[in-house]
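**Q** The structure follows.
The values are calculated or read from the model by the stated rules, or taken from the named source; none is laboratory data. Just so it is clear, the structure is predicted and the values come from calculations on it, not from any experiment. Cβ placement follows ideal geometry from the backbone for every residue including glycine, while neighbour counts extend to all protein chains displayed. Side chains included, ligands, DNA and RNA excluded: accessible areas come from the protein's heavy atoms. Shrake-Rupley method; radii C 1.70, N 1.55, O 1.52, S 1.80 Å.
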Amino acid sequence: MIRLENLTKVFRRNGNRSLVADNINAVFPTGASVALLGRNGAGKSTLLRMIAGTISPTYGRIVSTGTISWPVGFAGSFHPELTGAQNVRFVARIYGVDTDELISYVAEFADLGAHFYQPFGTYSSGMRSRLAMGTSMGIKFDTYLVDEVTSVGDAEFRAKSQSVFADRMSQSGAVVVSHSMGMVRSMCNMGAVLDRGHLTLFDDLEEAIAHHESLLNLPPAPARQPTQAPGPAAISQKGAAGKLPPARPGPALPSR
């Protein structure tokens, strides 16, 4: 179970204030796989990182029972000067799992060969993804956080990753951020829509998707008026100011 209590997150940059979470109260039930939906820039990844504990809310708190993963496949916390094996050992100690067992699992899963014992900073992007995915799958969590991770590596590695992750998901819950409704439908059984700082929870996944898609529809454009030559008054004002009067602003479109 994950409970958000009066959760508020505000970013301030260059004098501008951006509200990502506005006093959110919600409960993600134990074992549920929740699709976290919203337009680009709504703050889905920020909310996911607050649940993961990598960033703090401005106000409020997150209460959870059971263990919560970091975003699956995330490699940003690996130290570039440590080898792949050393990074995995460090993660094992943080999460209290058997270090030798996790190292053995990741070595086989990632299939990096001798590179597993070389500095992480020398890895290609594909090798980093393999190490990150292997480490994510090597520790069993009660809730997995998924942020647009679909597949990495070649076809064989993608198939292996998807098979192992499907097995993990059969025994755990998840919070999934994705713009792919196909992926959401295959992984989730309920949904939550984040819009302008407010989170709406739906027990029915299809209702969540329908609400999300309705928010993406822009209002119809105003009908175009026939072009007319400027009247005498406009010509007179143009002569006085050197230009036509400014046009009236049209209806504001919702921010994306």
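**Q** Any chance the stretch 55-65 includes a residue that's closer than 29 Å to Leu7 by Cα, touching a strand residue (DSSP E or B) at 6+ places or on another chain (Cβ under 6 Å) and surrounded by 20 or more Cβ atoms within 10 Å (Cβ to Cβ)?
**A** Yes, because at least one residue in the stretch 55-65 is closer than 29 Å to Leu7 by Cα, touching a strand residue (DSSP E or B) at 6+ places or on another chain (Cβ under 6 Å) and surrounded by 20 or more Cβ atoms within 10 Å (Cβ to Cβ).
**Q** Kindly evaluate Asp111 against the criterion of being without any contact (Cβ under 8 Å) to a residue 12 or more places away in the chain and either surrounded by fewer than 20 Cβ atoms within 10 Å (Cβ to Cβ) or farther than 20 Å from Pro71 by Cβ (or both).
**A** Judged against the criteria, Asp111 is not a match.
**Q** Could you figure out which of (1) over 25 Å from Gly41 (Cβ atoms); (2) open to solvent by 10 Å² or more (accessible area, probe 1.4 Å); (3) modelled with pLDDT of 85 or more; (4) in contact with a helix residue (DSSP H, G or I) (Cβ under 9 Å, 6 or more places away or on another chain) isn't true of Cys188?
**A** (1)
**Q** Any residue at all in the stretch 31-40 that is within 25 Å of His212 (Cα to Cα) and open to solvent by 40 Å² or more (accessible area, probe 1.4 Å)?
**A** Scanning the stretch 31-40 turns up at least one residue that is within 25 Å of His212 (Cα to Cα) and open to solvent by 40 Å² or more (accessible area, probe 1.4 Å).
**Q** OK, next. Assess whether Met133 counts as being farther than 17 Å from Pro71 by Cα, touching a helix residue (DSSP H, G or I) at 6+ places or on another chain (Cβ under 8 Å) and assigned to a helix (DSSP H, G or I). Lay out the reasoning, then the answer.
**A** On the way: farther than 17 Å from Pro71 by Cα: no; touching a helix residue (DSSP H, G or I) at 6+ places or on another chain (Cβ under 8 Å): yes; assigned to a helix (DSSP H, G or I): yes.
No; evaluated as a whole, the condition is false for this residue.
**Q** Here's something else I'd like to know. Looking at Asn23, is it part of a strand (DSSP E or B) and either open to solvent by 60 Å² or more (accessible area, probe 1.4 Å) or among the acidic types (Asp, Glu) (or both)?
**A** yes
**Q** To continue, here is another question. Quick check: anything in the stretch 89-101 surrounded by 13 or more Cβ atoms within 10 Å (Cβ to Cβ), aromatic (Phe, Trp, Tyr) and at pLDDT below 95?
**A** yes
**Q** Let me ask another. On the basis of being open to solvent by less than 70 Å² (accessible area, probe 1.4 Å), at pLDDT below 90 and on the phi > 0 side of the Ramachandran plot, does Gly182 make the cut?
**A** no
**Q** Select from the stretch 136-168 the residues that are of a type in the set (Ser, Thr, Tyr) and assigned to a loop (DSSP other than H, G, I, E, B) and write down the one among them that is farthest from the chain's Cα centre (by Cα). Talk me through it step by step, then tell me what you get.
**A** The first filter runs over the stretch 136-168 and keeps only residues of a type in the set (Ser, Thr, Tyr), leaving 136, 143-144, 150-151, 161, 163.
Within this subset, residues satisfying the condition of being assigned to a loop (DSSP other than H, G, I, E, B) are 150-151.
Working: Thr150: 12, Ser151: 15 Å.
Checking each candidate, the answer is Ser151.
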